[in-house]
Amino acid sequence: MNILNTPAVLAGFKTSFTVSLLWIGSMIVLPLVMLCVTVLQLEWHTFWQVILNQRVLASIYLSFKMAFFATLVNLFFGTLVAWVLVRYAFPGKALLNALIDLPFALPTAVAGIVLATLYAPNGLIGQFFAQFGWQIAFTPLGIGVALVFVSFPFVVRAIQPVLASQEKALEEAAHILGASRWQTFHKVLLPTLYPAMVSGAGMGFARSLGEYGSVIFIAGNIPMVSEIVPLMIMSKLDIYDVQGAAAVAFVMLVFSFAVLLLFNTGQNYLSRHFVSK
C-alpha cells in the first residue's frame, strides 16, 4: 500500500483514492459482477445454445458492422468539422459549435422518430433516394444513419481541443522549409491528431454498440436483417428470459472490452510515437 503514501499536490489523497475505488466498484464493477453471476447460473451447453443461435449471431454481426461503418464516417467528417471550427472564423460559428452537442441532449427516442420520418420512403430525404430505388429507413443502412447521428459529437469533441492547442510555429517552420500545404497537413499536423482521432473513434464505436432508442424506430427490426443486439436483449427480457439476455450481454461485454482495449492500446502507441516526438 505504498501508493497511499505517495506525495501529491492536493491533500486528502487517501480519502479521495478510497472514495474513487468505492464509487468505481459500486457503479461499474458490481453491475458487471452481477451480470457474470447471472450468466454462471446457466449450464455450459445452454450458454452456447443461446449464443450460437443464428438470430443472435446475426444481430451481433450487424451491430459491430454498423458501429464500424458509423465510426469510419464520423472519423472523416468529424475531423473535417473540427478543423473548420478551429481554423476558420465565419458567421454562425458559435451556433454550429453548439449544434455539435445536440445528439448528447436530444432523447434517443426522439432522434429515432425524427430520423425515421426524414429517411422513410415518403420522407423529406428518403423520397429523393426512393427515386433511384434506394431505401434507407427500415434497413441496415438506416441503422448506420442513426449510429452516425448519435456518435458524431464524440469524434469532434476529442479532436477539437487537440487541434486548437497545436502550435502555429510547426506550420510556419514547414512552410519555411518548402513544404506544401498538403505536406504540412499530412506530415506535420495530422500525426499529432492520431491519438485524439483514435480516442474519439473508440468512444463513438462504444456508443454505437450500445445504442437502442434511436435505432429501433428506423431499423425496421426485422430478424436476421435489421435486428441489433440491444433489441435482441430487450426481446429476451420481454419474455422473462433473464439468463438468456445476460448471456448475450456478456458476450457483447467481452467483445466490447476487447475492442476498447485495442483502441486504448493504439492511442497510447500513437501518443508515444507521434505526439511525444
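The values are calculated or read from the model by the stated rules, or taken from the named source; none is laboratory data. Because the structure is a prediction, the values reported are computed rather than measured. Note that each Cβ is placed from the backbone with ideal geometry, even for glycine, and that neighbours are counted across all protein chains shown. Accessible surface areas use protein heavy atoms only, side chains included; no ligands, DNA or RNA. Shrake-Rupley method; radii C 1.70, N 1.55, O 1.52, S 1.80 Å.
Key figures
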| item | result |
| --- | --- |
| Cα centroid separation, the stretch 217-236 to the stretch 113-187 (Å) | 26 |
| More than 19 Å apart - percent of Cα-Cα pairs taken over the stretch 158-226 | 55 |
| Net lengthening on full extension, C36/L21 (0.36 nm per residue, minus Cα-Cα) | 3.4 nm |
| Leading residue at positive end of dipole, the stretch 48-180 (Cβ point charges), from G112, A58, V145 | A58 |
| Most fluctuating residue given options S16, S208, S256, as computed from a GNM of the chain linking Cα atoms under 10 Å | S16 |
| Check: the chain dipole with +1 on Lys, Arg Cβ and -1 on Asp, Glu Cβ, in debye | 660 |
| L40 accessible area, 1.4 Å probe, all protein chains in place, Å² to nearest 10 | 140 |
| For P(r) over Cα pairs in 10 Å bins from 0, in percent, calculated from these coordinates, the label among (i) 6, 21, 27, 24, 16, 5, 1; (ii) 6, 26, 34, 22, 10, 2, 0; (iii) 8, 33, 33, 18, 7, 1, 0 | (i) |
| Along principal axes, Cα extents of the stretch 94-213, largest first, whole Å | 55, 32, 27 |
| Dimensionless Rg over Rh [the stretch 1-137; C-alpha; Kirkwood] | 1.13 |
| Value at 222 nm in deg cm²/dmol, rounded to 500, when DSSP H runs of n ≥ 4 in the chain each add -39,500 (n - 2.57) | -22500 deg cm²/dmol |
| Per-residue HN-Hα couplings for the stretch 125-141 [Karplus 6.51, -1.76, 1.60; θ = phi - 60°; Hz; x = Gly/Pro] | 9, x, 5, 5, 6, 4, 5, 9, x, 9, 10, 9, 5, 6, 9, x, 5 |
| Where Y212, Y240, Y269 fall by accessible area, highest first, once all protein chains stay in place (1.4 Å) | Y240, Y269, Y212 |
| Of L237, S180, A196, farthest towards positive along the dipole that unit charges on Lys, Arg, Asp, Glu beta carbons give the chain | S180 |
